[in-house]
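The values are calculated or read from the model by the stated rules, or taken from the named source; none is laboratory data. As the structure is a computational prediction, the values presented were derived from the model and not from experiment. Positions of Cβ are backbone-derived with ideal geometry, glycine not excepted, and every protein chain shown enters the neighbour counts.
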Amino acid sequence: MSAALDAFEEAGIIGDIDPRPLADYRYPRPGDDGTARRCRVTVFAMRVRGTLSHWKERGERQRRWFAAAEAADVMEHAELAGIVRQLASRPQAPMDAAGRLSLSIGDL
C-alpha cells in the first residue's frame, strides 16, 4: 500500500496500515511550474512495528513523535490538524503502546 511505502521512505517507519481510510481532505499544492494543483490526502491508521536509524529520505526529512494534541498544534494544514484532534478524541483511536496516535498521511 502507498501509505506504508511513504512512511517507510519518508520517515523510516515499518508498520501495518489499516486498509480502511480514517479521513481525507484537499489542499492546494504548488507544482513545479509554480501553479497550484489540488491534492487529495487520505489518512490511514498505522500500527508501527519499528523504526530505522537510516532511511531513504533521512537527509530531507526529520522523524519526530508527538502526542496527538501537540502534533495538531504544529501541523501546517489546519484541516489535517482538525482531523487529528477529532481522531484522538475517539475512544477507538488508533493509539500505539505508548498512547500516541499513530497515523500515516499520504498525498494522492
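Worth a mention:
- When the residues of the range 25-60 are filtered to those that are exposed (fewer than 13 other Cβ atoms within 10 Å of the Cβ) and of a type in the set (Asp, Glu), the one that is farthest from residue 8 (Cα to Cα) is 33.
- Entry remark, the range 60-108: residues being in contact with a Phe, Trp or Tyr (Cβ under 7 Å, 6 or more places away or on another chain), assigned to a loop (DSSP other than H, G, I, E, B) and at pLDDT 65 or above number 1 in total.
- Filtered residue count, the range 21-59, keeping only those that are in a loop (DSSP other than H, G, I, E, B) and free of Cβ contacts under 8 Å to residues at least 24 places away in the same chain: 6
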